[in-house]
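See structure below.
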Amino acid sequence: GIGRAMVKTYIAPFASLKIGDNEEIKNARLRIADSELGEADMLLGADFFLSHHLYISNYQHRVYFTYNGGPVFNLSKQAATKDPADATQTAEPPGKPEVTEAAALARLGAASAGRHDYVHAVDEFTRAVELDPASAEYVYQRGAAYRNEKQPTAAGADFDQALQLNPDHLDARVARAQLRIANRDLEGAIADLDAADRLAPKQADVRFTLAEQYEKAERLPSAVTQWDLWISNHPDDSRMAGALNNRCWAKTMQGQDLPHALSDCNAAYRRSDKSSPLRPRILENRGLVRLRSGDYDQAIADFDEALKLEPKSAGSMYGRGIAKLRKKKTAEGEGDIAEAVKTGPQVADEFKRRGIVP
């Protein structure tokens with residue numbers, strides 16, 4: 001998550017980790033990596049922020065903190081509720097007063113959601129909403145917790161309410177669009193995505209999500225526009241290979257701007273690791289670009305390489321079959337197409353819908 005590079009990480013047990021003079025975590029399992037921080041001395045992760053109140057003094061170059069409850073290094077719901085005898089964090093101080101302020105309850109809800117404890121998150125956000133019913137943010141956060149708890153109806157009702165309170169709530173727009181796409185309400189989803197597009201700054205990271213959702217809503221020109229904005233503003237993001245691959249696919253499916261689509265796929269390929277699960281998709285998409293461009297030999301080579309990595313890919317098999325047919329290798333091509341349809345019965349319809357036919 002730091003820059004474009006990826007590094008191997010390892011999980012190792014630590015008998016004791018002491019922070020300052022007042023906090024000691026025992027028997028923790030921590031993720032470690034051999035990496036340099038440059039000018040920084042320490043990174044504080046989201047898990048630490050969820051379980052502490054922090055004050056950062058730039059003048060003193062110090063971080064002050066107090067333990068606020070919950071696991072320090074493990075964000076899972078199970079860790080928050082396991083036997084205290086196995087705890088990796090010193091016990092929460094007794095006598096903690098009941099929280100009665102909306103903002104404080106919302107912070108607790110965010111911490112619970114961060115630990116994937118969505119049941120408690122819903123309860124805490126509900127209490128925050130009761131104290132401050134005009135807050136679109138608290139309603140939205142409760143909706144997000146409902147969504148993660150697999151309660152889409154309740155989530156949708158909260159997103160609707162949040163947007164009634166504040167029609168310009170960007171996150172609620174995007175969240176409701178995602179729900180509407182899942183429910184095949186594409187017209188409503190596109191209306192929300194268009195509204196989010198108008199609200200979001202051009203450099204906003206949310207444009208990555210907007211691009212993905214426009215693709216799902218079958219609005220490929222809009223998806224390409226979002227990819228253009230995100231890619232130009234996030235050159236060192238570790239998700240760049242995926243973004244380039246998706247823009248390559250969106251352009252290829254429209255049969256437009258194929259030279260730039262090929263350039264995107266090539267760039268995605270260079271950025272992806274050999275063991276990356278993204279590699280077969282990149283090869284398949286590059287094969288499709290070359291198929292649409294009439295470069296059948298190179299298309300077959302890409303599909304061959306993709307199938308070595310993912311032998312059951314119906315898309316790569318079907319694409320290779322079409323390329324072989326166009327090379328007059330009729331028997332081989334028909335064999336690939338038959339095998340592809342056997343593996344993925346809908347693959348022929350999908351190719352036909354995109355204008356790619358034998």
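The values are calculated or read from the model by the stated rules, or taken from the named source; none is laboratory data. Being a predicted model, the structure only gives us computed values, none of them experimental. No Cβ is skipped: glycine too gets one built from the backbone with ideal geometry, and neighbour counts run over all protein chains shown. The protein model used for the area step is the full one, side chains on, heavy atoms only, and it has no ligands, DNA or RNA in it. Shrake-Rupley method; radii C 1.70, N 1.55, O 1.52, S 1.80 Å.
Looking only at residues that are assigned to a loop (DSSP other than H, G, I, E, B) and at negative phi in region 135-164, which one is most open to solvent (accessible area, probe 1.4 Å)?
151
Can you find a residue that is farther than 25 Å from residue 153 by Cα, acidic (Asp, Glu) and open to solvent by 50 Å² or more (accessible area, probe 1.4 Å) anywhere in region 232-240?
Within region 232-240, one or more residues are farther than 25 Å from residue 153 by Cα, acidic (Asp, Glu) and open to solvent by 50 Å² or more (accessible area, probe 1.4 Å).
Taking the condition of being assigned to a loop (DSSP other than H, G, I, E, B), over 29 Å from the mean Cα position of the chain (by Cα), at pLDDT 85 or above and among the acidic types (Asp, Glu), how many residues in region 89-134 meet it?
2
Is it fair to say residue 190 is part of a helix (DSSP H, G or I), β-branched (Val, Ile, Thr) and surrounded by 21 or more Cβ atoms within 10 Å (Cβ to Cβ)?
When the stated conditions are applied, residue 190 does not pass them.
For region 252-277, how many residues meet the condition of being modelled with pLDDT under 95 and closer than 16 Å to residue 308 by Cα?
Number satisfying all stated conditions: 5.
Could you please find all residues in region 310-323 being open to solvent by less than 30 Å² (accessible area, probe 1.4 Å) and not aliphatic (A, V, I, L, M)?
313, 315, 316, 318, 319, 321
Which members of region 55-65 meet the condition of being open to solvent by 50 Å² or more (accessible area, probe 1.4 Å) and part of a strand (DSSP E or B)?
Within region 55-65, 55, 56, 62, 63, 64, 65 meet the criteria.
Per-residue answers, yes or no, for (1) at pLDDT below 95; (2) surrounded by 13 or more Cβ atoms within 10 Å (Cβ to Cβ):
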{"position": "303", "(1), (2)": "no, yes"}
{"position": "308", "(1), (2)": "no, no"}
{"position": "325", "(1), (2)": "no, yes"}
{"position": "334", "(1), (2)": "no, yes"}
{"position": "358", "(1), (2)": "yes, yes"}
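Every residue in region 211-227 that is more than 18 Å from the chain's Cα centre (by Cα), open to solvent by 60 Å² or more (accessible area, probe 1.4 Å) and not basic (Lys, Arg), please.
Passing the criteria: 218, 221, 225.
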